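For reference, the structure is listed below as structure tokens.
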Amino acid sequence: MKTLSAEFIKSATAPSHYPEGVFSEVAFVGRSNVGKSSLINTLVGRKNLAKTSNTPGRTQLVNFFLINGRYSFVDLPGYGFARVPEAVRRNWGPMVETYLSQRPNLRLVILIMDIRRDPAAHDMDLLQWLNHYRIPALLVLTKTDKLSKSQVRIHARRIADTLTKGADLTTPPNPILFSARTGEGKDVIWSFIEAL
Ligand code: GDP
């Protein structure tokens, strides 16, 4: 998929601020520092569309982008930043849940996890929640360039098993392997988005 245009539309905290358009939306979510911005930037072939941020608390907004004038990417705030003030952290759940449960445009949620780390409680809760509300979800394991090929296979299987048990899934997730460094997985993710 070639990205012809990618532009920031707006940021929002509440539904009254979401853009009015009729575009289908693909939402990206994961814990902070997982590589969410790098994934979005790699998909659209831009260096800085989504802000790679080391500033805790700064990205507690729902950010909307218009891609190729046809659909939207939605960058949801990352979770699990230890240094974020409690008040900001408490806001995360309602803000993200409100978006996920009240947005008719939403077609797909891309849940991003670091291939090297075991799923956190938050990852499992989110997957269980999406499953319960029958919101289509795609699991992407990122930073695969940091492991050997055999370690990637072992970790991917372990993460899928942990999520299946932890989130009570009837079918195990089939994770997509991704690296922002090598571009691995980019075409596969695009094929899922295009299929929408
Ligand atoms: P976000 O907080 O989830 O948006 O994460 P960022 O995209 O800002 O990435 C966090 C850190 O991980 C940055 O230092 C990135 O350069 C690094 N990173 C992200 N994706 C990859 C990847 O696929 N491979 C490697 N080696 N590093 C990555």
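The values are calculated or read from the model by the stated rules, or taken from the named source; none is laboratory data. Note that this is a predicted model, so its numbers are computed, not measured. Cβ sites come from the backbone with ideal geometry, for glycine too, and all protein chains shown count toward neighbours.
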### Query
How about the stretch 103-196: which helices (runs of 4 or more DSSP H) wholly inside it have at least 2 residues that are more than 16 Å from the ligand (Cβ to nearest atom) and among the β-branched types (Val, Ile, Thr)?
149-166
### Query
Which residue, of SER38, SER11, is hydroxyl-bearing (Ser, Thr, Tyr), touching a residue at least 12 places away in the same chain (Cβ under 8 Å) and part of a strand (DSSP E or B)?
SER11
### Message
It is to be established whether one or more residues within the stretch 12-24 are within 16 Å of the ligand (Cβ to nearest atom) and touching a Phe, Trp or Tyr at 6+ places or on another chain (Cβ under 8 Å).
### Response
no
## Note on the structure
From the option list SER32, SER5, SER24, single residue qualifying as surrounded by fewer than 21 Cβ atoms within 10 Å (Cβ to Cβ), in contact with a strand residue (DSSP E or B) (Cβ under 8 Å, 6 or more places away or on another chain) and at pLDDT 95 or above is SER24
### Query
Is it the case that MET95 is more than 15 Å from the ligand (Cβ to nearest atom), in contact with a helix residue (DSSP H, G or I) (Cβ under 8 Å, 6 or more places away or on another chain), in a helix (DSSP H, G or I) and within 23 Å of VAL62 (Cα to Cα)?
no
### Task
Show the residue pairs that are 6+ apart or on different chains and have beta-carbon atoms under 7 Å apart, the first residue being within the stretch 167-196 and over 26 Å from HIS132 (Cβ atoms) and touching a residue at least 60 places away in the same chain (Cβ under 8 Å), the second being basic (Lys, Arg) and within 16 Å of the ligand (Cβ to nearest atom).
none
### Query
Inside the stretch 111-124, can you point out the residues that are exposed (fewer than 15 other Cβ atoms within 10 Å of the Cβ) and of a type outside the set (A, V, I, L, M, F, W, C)?
ARG117, ASP118
